[in-house]
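K.L.:
One structure, pasted below without further comment.
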Amino acid sequence: INSVYYSGRVDASPSFENIEKATEFYYAKKLFTEHINEATRQISFKLEENDMLIFDNCRVLHGRSAFQDVEKEKQTASNPVESPSEKDHTTNNQVVDGVKLDSVSRFLRGCYMDSIDIRLRKYNRVLSATSRSYSTTTARVGFVQLDECTENDMEIISDLYSTATTGEKLAERSLALLKMLGSGSIDNPCHVDDGHLGANVDLLEHGLQTATRAFRDGQEDEVVVAALLHDIGELLSPSNHGEFAASLLRPFVSPKVSWMLQHHEVFQMYYYNHKMNPPGDRNIREVYKGTEDGKSTCAGVTVPGESYQFTVDFCEKYDQ
């Protein structure tokens, strides 16, 4: 199981081919619902005024319990509503158990934040200079072995690690690594001598071309960045340079883009593998092709969403 999307709403149910599939689904959903509703598997707490609750919507199953304002109930007890089920047409608010909902002092506001934004903000978290009790350039810990470290040592390390891994510095290092794959010049003295690999352009130029095609095609920023860096590990980890790029960008891109980076080198074989000596299978990418039930035909490999076709299109349209 790669992930579970759960909702108690009826409209969250999928369509079914036949009654047998529907029966299996609702039986499994019933068992899962009973499982998550066990008291030992729940954490309940009350939010106080001005509290903020932040969680990953794809990792934490959450909900709100019924709410009663005891003080408001006491105030309205002397003047109860005749019918608990009737509507208060003046305020257009429902009346429940003799209490108008507009009289309950409860106000919640929620919003969704893109996980990429959250991760970028995490990497940009740097303590101000005035909050440090030491210099970031001269600070050193006192231990030799990690099991000898103190809380103060870990505070220094955590602080300096945050300073060294801001989004800006991660981007600078990635671009510096990319520039190494280009031709030598005054502006680019740190380059490799074999960045062309016999082609008419070096790997830096190839990355720029790929990113430009994706940009002109109207792709999202994450696809353009992935296109720019997709071959960044070609001469560092030639046997799995796709995984190199995927690991580098995985914290910042969607699963679909990460999967494409990891597997694009296999999909590229469609254009040349049959021309090798001896000839190889140009359709080797089809081991990742999903079946109708969404599972991969390659044992142990899960293809998220539309990643297969996205990778086919990426190689066809941009990575040539």
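The values are calculated or read from the model by the stated rules, or taken from the named source; none is laboratory data. Note that the structure is a prediction, hence the values are computed from the model and not measured. Counting neighbours? That spans all protein chains shown, and the Cβs are built from the backbone with ideal geometry, glycine included. These area figures cover heavy atoms from the full protein model, side chains too; ligands, DNA and RNA do not enter into them. Shrake-Rupley method; radii C 1.70, N 1.55, O 1.52, S 1.80 Å.
K.L.:
Suppose we filter the stretch 34-48 for residues that are open to solvent by 100 Å² or more (accessible area, probe 1.4 Å) and under 19 Å from A66 (Cβ atoms); how many remain?
P.N.:
5
K.L.:
Look at the stretch 223-243 and say how many of its residues are at pLDDT 95 or above and farther than 13 Å from L181 by Cα.
P.N.:
Matching residues across the stretch 223-243 total 5.
K.L.:
Exactly one of these conditions fails for C111: (1) modelled with pLDDT of 85 or more; (2) open to solvent by 90 Å² or more (accessible area, probe 1.4 Å). Give me its number.
P.N.:
Exception for C111: condition (1).
K.L.:
While we're here: Quick check on the stretch 300-318. Is at least one of its residues in contact with a Gly (Cβ under 7 Å, 6 or more places away or on another chain), of a type outside the set (S, T, N, Q), at pLDDT 95 or above and within 21 Å of H196 (Cα to Cα)?
P.N.:
Of the residues in the stretch 300-318, the ones in contact with a Gly (Cβ under 7 Å, 6 or more places away or on another chain) are 303, 308.
Next, from what is left, pick out any that are of a type outside the set (S, T, N, Q): 303, 308.
Going one step further and asking which of them are at pLDDT 95 or above, we end up with none.
Looking through the stretch 300-318, none of the residues is in contact with a Gly (Cβ under 7 Å, 6 or more places away or on another chain), of a type outside the set (S, T, N, Q), at pLDDT 95 or above and within 21 Å of H196 (Cα to Cα).
K.L.:
A further question follows. S78 fails exactly one of the following numbered conditions: (1) modelled with pLDDT of 70 or more; (2) open to solvent by 100 Å² or more (accessible area, probe 1.4 Å). What is the number of that condition?
P.N.:
(1)
K.L.:
Now for a separate question. Is there any pair linking a residue in the stretch 43-68 that is over 13 Å from G110 (Cα atoms) to one that is surrounded by 10 or more Cβ atoms within 10 Å (Cβ to Cβ) and modelled with pLDDT under 80, with Cβ under 6 Å and at least six apart or on different chains, and which?
P.N.:
What qualifies is F67/R106.
K.L.:
In the stretch 196-236, how many are in contact (Cβ under 8 Å) with a residue 40 or more places away in the chain, over 15 Å from V253 (Cα atoms) and buried (at least 21 other Cβ atoms within 10 Å of the Cβ)?
P.N.:
So the count comes out to 4.
K.L.:
How many residues, within the stretch 262-299, are within 28 Å of L203 (Cβ to Cβ), modelled with pLDDT under 90 and either under 24 Å from the mean Cα position of the chain (by Cα) or among the aromatic types (F, W, Y) (or both)?
P.N.:
Residues meeting the conditions: 1.
K.L.:
Residues of the stretch 209-254 being touching a Gly at 6+ places or on another chain (Cβ under 7 Å), of a type outside the set (F, W, Y) and either on the phi > 0 side of the Ramachandran plot or part of a helix (DSSP H, G or I) (or both), which ones?
P.N.:
L228, L229, H241, A245
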